[in-house]
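As structure tokens, the structure follows; a few thoughts come after it.
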Amino acid sequence: MGAKKNLLLISNSRAYGRDYLDHCAEAVSAFLAGINQVLFIPYALKDWDDYAEKARKRLNGLGVELVSIHEAADHPILAVSSADAIFVGGGNTFRLLEAVHAHGLTHLIRERVSSGMLYMGSSAGSNLACPTICTTNDMPIRHVSTFEALKLVPFQINPHFVDADPNSRHMGETRETRIKEFHEENVTPVIGLREGSWLRVEGDKVSLRGDGGAKIFLRGQEPFELGSGNEFSADLELLKQPEASQ
């Protein structure tokens, strides 16, 4: 039997009034306990050097060394092959997915995570862990040949989930409307992960943490709230019972 998948999927890397990863620093520190070096994937932003420096400074503050994949002495494939943990930063999900595919990392990351390599993602990095990137909030600024992502979890995430403002005069689609449109064409469950929240995945068990909570969308059912501290199976089977959402 292989090692359990071990993931930390964060909705947002920066919370209002706080610096980079400050709101989830304790969770990041606990997740990376015993890890000396993390391989950073900065592909979601244009300036990889600047992004890597920001991430390095924050993780160094937690006692963890960070090496960006574009700085690594080895080819990206070799760098991922030897990593104990990777951190995929946020930014534009289409840019990120295109680069991961272009470097031939998709199947390798999936295999490494399945065999025990730690995976931490924020925003676009959390989207990348899903079956597809179809529930991202980003514009398709880069062409991708497929929407298929890493398939590390069997559900979709909509990071930065925002509830509709009943007093708003905005006439465009709400985030909930867009997710319901997704379910007109797809059956995969969606977790609307509010800012300030993250998911801790250990094998087939998922824990919702942070202070923002989440909204769960299952095809053919009304969406419902899930508060921090809830645990459920990765296939969301337990959440299909109404009483589980109380």
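The values are calculated or read from the model by the stated rules, or taken from the named source; none is laboratory data. All of these numbers come straight from a predicted model, not from anything done at the bench. Virtual Cβ from ideal backbone geometry, glycine too; neighbours counted across all protein chains shown.
Whether any residue in the range 48-58 is modelled with pLDDT of 95 or more, over 15 Å from the mean Cα position of the chain (by Cα) and within 24 Å of Phe147 (Cβ to Cβ) is what I want to check.
Scanning the range 48-58, I find at least one residue that is modelled with pLDDT of 95 or more, over 15 Å from the mean Cα position of the chain (by Cα) and within 24 Å of Phe147 (Cβ to Cβ), so the answer is yes.
Scan the range 120-131 and tell me whether some residue there is within 28 Å of Lys57 (Cβ to Cβ), hydrophobic (A, V, I, L, M, F, W, C), modelled with pLDDT of 95 or more and out of contact with any helix residue (DSSP H, G or I) (no Cβ under 7 Å at 6 or more places or on another chain).
yes
Any residue in the range 196-203 that is out of contact with any strand residue (DSSP E or B) (no Cβ under 6 Å at 6 or more places or on another chain) and either more than 19 Å from Asp235 (Cα to Cα) or buried (at least 19 other Cβ atoms within 10 Å of the Cβ) (or both)?
No, that holds for no residue.
Only one of (1) within 22 Å of Arg209 (Cβ to Cβ); (2) of a type in the set (Gly, Ala, Ser); (3) loosely packed, with under 12 Cβ neighbours inside 10 Å is not met by Ala73, so which one is it?
So the condition that Ala73 fails would be (1).
Looking only at the range 80-108, filter to residues that are within 14 Å of the chain's Cα centre (by Cα) and among the β-branched types (Val, Ile, Thr); which one of those is farthest from Leu45 (Cα to Cα)?
Across the range 80-108, the extreme among qualifying residues is Ile86.
Can you tell me which residue is farthest from the chain's Cα centre (by Cα) among those in the range 144-192 that are aromatic (Phe, Trp, Tyr) and in a loop (DSSP other than H, G, I, E, B)?
Phe147
When the range 209-232 is examined, which residues are found to be among the charged types (D, E, K, R), in a strand (DSSP E or B) and farther than 15 Å from Leu9 by Cα?
Of everything in the range 209-232, those that are among the charged types (D, E, K, R), in a strand (DSSP E or B) and farther than 15 Å from Leu9 by Cα turn out to be Lys215, Glu225.
Out of (1) within 18 Å of Ile35 (Cβ to Cβ); (2) at pLDDT below 95; (3) not charged (D, E, K, R), the odd one out for Ala73 is which?
Unmet for Ala73, out of (1) within 18 Å of Ile35 (Cβ to Cβ); (2) at pLDDT below 95; (3) not charged (D, E, K, R): (1).
Scan the strands (runs of 3 or more DSSP E) fully inside the range 34-143 and keep the ones with 1 or more residues being touching a residue at least 60 places away in the same chain (Cβ under 8 Å), out of contact with any Pro (no Cβ under 6 Å at 6 or more places or on another chain) and β-branched (Val, Ile, Thr).
37-41
I want to confirm something. Restricting to the range 1-23 and keeping residues that are out of contact with any Phe, Trp or Tyr (no Cβ under 8 Å at 6 or more places or on another chain) and of a type in the set (A, V, I, L, M), which single residue is farthest from Ala85 (Cα to Cα)?
Ala15
Here is a list of conditions, (1) under 26 Å from Lys5 (Cα atoms); (2) loosely packed, with under 13 Cβ neighbours inside 10 Å; (3) without any contact (Cβ under 8 Å) to a residue 60 or more places away in the chain, and Leu208 meets all of them except one; can you say which number that is?
So the condition that Leu208 fails would be (2).
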